[in-house]
Amino acid sequence: MTARPRKAAPRTPARGYVPTRPDRKETLRAARIVARLQRTYPEVECALNHRDAFELTAATILSAQCTDERVNLVTPELFRRWPTPALLADAPLDAIEDVVRSTGFFRNKAKSLQGMARRVRDHYGGEIPSAMEDLLTLPGVARKTANVVRGVIWGLADGVVVDTHVKRISTLLGWTDRSDPVHIERDLAALHPQEVWIELSHMLIHHGRRICIARRPRCDECPLATDCPSAADGPA
């Protein structure tokens, strides 16, 4: 009796996943892509409007499951009413909810905003802390938000910010086959030098909005097409 072949077990990244070291060919291809992105988006900046670390932290909390465009419509009123952590900390919760309602999950986001503001006021003298371990103690702030704030405000690169655009385009480019943002970040960090980590996410986000659009990618206009395995005229 012939034994049935076993089904392949689903691939589940182990804890402490360490990406495979990329070979020279992949490293050179990644460098070409980054160079083209830099030429295409030479003045790339964070898409969330802000004037300081507090505003960027709040805006990034609001950006979860929400477009940056929507966040940028909401934050002017939020910061007009409560321009400092101390004022936001003492604001009526229902008033914060009303202002951020259109960003989705507004009750949780309002609680996170107020919790963040209270901790900043009570533990950090009213100033957003710059250390990663301190940022991660703020309600509503996980690694992605901390990476955004540290990179944009202080130019500190701990990793690559992975949002939906970065995740999608990195997969299309063959830079990762993972689905978890933490593991995608590790793949990208292994492939790219640290000095481009901050701008890489900004460039991929802009590219995802302008050219590599999820439902209608404009591959015929894409400067990355010749090095993209997902493009019609890309490498085989």
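The values are calculated or read from the model by the stated rules, or taken from the named source; none is laboratory data. Keep in mind that what you see is a predicted model, and the values were worked out from it rather than measured. FYI the Cβ positions are ideal-geometry reconstructions off the backbone, even for glycines, and counts take in every protein chain you see.
Brief remarks follow.
- Residue among 126, 151, 155 that is surrounded by fewer than 17 Cβ atoms within 10 Å (Cβ to Cβ), touching a residue at least 40 places away in the same chain (Cβ under 8 Å) and closer than 22 Å to residue 194 by Cα: 155
- Residue within region 116-129 that is among the small types (Gly, Ala, Ser), closer than 15 Å to residue 88 by Cα and assigned to a helix (DSSP H, G or I) present: yes
- Any hit, region 15-24, residues being part of a helix (DSSP H, G or I) and either modelled with pLDDT of 95 or more or closer than 30 Å to residue 175 by Cα (or both): yes
- Among the residues of region 173-182, the ones that are over 12 Å from the mean Cα position of the chain (by Cα) and buried (at least 18 other Cβ atoms within 10 Å of the Cβ) come to 4 in all.
- Cβ-Cβ distances below 6 Å connect the following pairs, each with a first residue in region 202-223 that is surrounded by 13 or more Cβ atoms within 10 Å (Cβ to Cβ), a second residue that is assigned to a helix (DSSP H, G or I) and basic (Lys, Arg), and a separation of six or more residues or different chains: 223/36.
- Looking only at region 69-90, residues that are surrounded by fewer than 18 Cβ atoms within 10 Å (Cβ to Cβ) and either part of a helix (DSSP H, G or I) or not acidic (Asp, Glu) (or both) come to 12 in all.
- Remark: pairs (first residue in region 95-121, farther than 16 Å from residue 74 by Cα; second residue among the acidic types (Asp, Glu); Cβ separation under 8 Å; 6+ apart in sequence or on different chains) = 120/127.
- Verdict on residue 120 being at pLDDT below 95 and either surrounded by 15 or more Cβ atoms within 10 Å (Cβ to Cβ) or under 30 Å from residue 87 (Cα atoms) (or both): no
- Total residues in region 91-115, condition in contact with a Cys (Cβ under 7 Å, 6 or more places away or on another chain) and assigned to a loop (DSSP other than H, G, I, E, B): 1
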